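Each value in this text was obtained by applying a stated rule to the coordinates, not by laboratory testing. Quick caveat: nothing in here was measured; it's all calculated off a predicted structure. So basically every Cβ, Gly included, is an ideal-geometry build from the backbone, and we count neighbours across all protein chains shown.
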Amino acid sequence: MKKQNVYLGHIESLRAIAALMVLIFHFISFGDANGPLLASESIRKYSEFGAQGVELFYIISGFVIYLSLSNSSYGFSQYPKYLIKRITRIFPPFWGTILLICFTPFIWGWPFPFSANQLVQNATLTVDMFGNTEWMNPIFITLKVEFLFYLVIGLLVVPMQMTSWSYGIIVFSSLIVTYYFHSFDLIHNIPFFLIGIACCEVYKKRQLILNYGIIVSCFTFLYLVFPMEDLVIAAIGTIFLLWIPITNRWFKQVGQFSYSLYLTHGFSGGMFLFYCKNQQHVNLNPWIYIVTAVCIALAFAYGYYLLIEKRAMHWSKGIKY
């Protein structure tokens with residue numbers, strides 16, 4: 001039991017790193033119609049690697065969800081409860097973010113820009129199914145990918161657990177599907193989820209040769225088909241998952257509210273940067289704005305976690321399967 005607790009802390013630290021990567025990327029690359037906040041194009045270019053924090057989240061999700069399902073007595077009959085549990089955990093904080101976005105125009109005195117259809121489709125992550133509205137925030141697309149993974153893995157984990165043959169066939173078939181259909185959001189990100197799943201099996205010391213082979217296959221696939229930064233973040237995620245556990249206390253604490261941080265940093269820190277950039281009497285070094293925005297985002301996210309996300313976590317834990 002002691003080993004499991006340490007490892008969960010390690011996962012929380014990885015979540016913190018993933019959220020902070022995305023946050024720092026967004027703040028450094030912040031800009032509006034009047035131009036970028038940070039003048040240095042090279043720094044803004046380098047910061048783009050922070051966007052790979054999303055792929056790191058996918059690797060972590062592959063590990064954690066597969067670990068949870070494979071360590072329980074989960075079966076097809078529990079699928080409805082499993083979905084309700086995931087919806088209860090993910091959607092209340094997400095819906096709270098939509099409310100914050102809806103509140104933003106009133107802060108600046110702008111007209112309300114969202115239609116009822118757009119609100120409903122964003123709240124249900126179905127924007128791409130209809131194609132007649134837009135996402136209110138680009139990070140909602142990544143939540144859609146996460147939820148699609150939840151839908152699929154809840155069905156596949158049972159046959160994956162039957163035999164090593166069924167496990168290997170499903171995993172390698174998924175890679176083949178990715179090769180031919182990687183323009184679709186979920187399919188495009190399958191290698192990252194598979195790396196997380198294979199790392200979970202390695203962590204559990206099961207079918208080591210097969211799972212190391214899966215990890216290498218995913219790396220090779222990313223090298224041949226994807227941009228190099230995707231391969232780099234996959235390697236970093238694997239190394240931190242399996243061989244270099246990060247047990248830093250501060251990272252672990254931030255990791256506990258990393259979902260809230262991921263959801264709300266654009267509202268809290270983003271609004272601060274927008275205000276500073278559009279006030280002529282505010283003329284400080286841009287790095288002061290960025291560092292302050294990070295602090296504001298962390299503080300706001302922690303409060304959001306205590307008020308909303310923690311309640312959703314409590315409700316979700318009450319659903320057993």
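Would you work out the charge dipole size for the chain about its Cα centre, treating the Cβ of every Lys and Arg as +1 and the Cβ of every Asp and Glu as -1, and quote it to the nearest 20 debye?
1300
Net charge near Ile246, counting Lys/Arg +1 and Asp/Glu -1 over other residues with Cβ under 11 Å of its Cβ?
That works out to +2.
Jot down the per residue volume, in cubic angstrom and as a whole number, of the convex hull over the alpha-carbon atoms of the stretch 1-133.
With only Cα atoms used, the stretch 1-133 gives 170 Å³ per residue.
How big is the stretch 184-271 by Rg and Dmax over its Cα atoms, in Å?
15.6, 49
DSSP loop (so not H, G, I, E, B), at most 12 other Cβ within 10 Å: list which chymotrypsin sites (Phe, Trp or Tyr not before Pro) in the stretch 183-285 pass both filters.
The qualifying sites are Trp243.
Send over the Kirkwood Rh of the stretch 99-139, from the inverse of the averaged 1/r over different Cα pairs, rounded to one decimal Å.
10.8
Take Phe130 and Tyr46, extend 7 Å from each Cα along the Cα→Cβ direction, and tell me the distance between the two endpoints in nm.
Here the answer is 4.4 nm between the modelled labels.
When the helix-only estimate is applied to the chain (DSSP H runs of n ≥ 4, each -39,500 (n - 2.57), divided by the residue count), what is the mean residue ellipticity at 222 nm, nearest 500 deg cm²/dmol?
That calculation yields -24500 deg cm²/dmol at 222 nm.
For the stretch 251-321, which trypsin sites (Lys or Arg not before Pro) are both in a DSSP coil and crowded by at most 10 other Cβ atoms within 10 Å?
For trypsin sites (Lys or Arg not before Pro) across the stretch 251-321 that sit outside H, G, I, E and B with at most 10 neighbouring Cβ atoms in 10 Å, the list reads Lys320.
On a C-alpha basis, how far is the centre of the stretch 290-320 from the centre of the stretch 213-253 in Å? Whole number, if you could?
26
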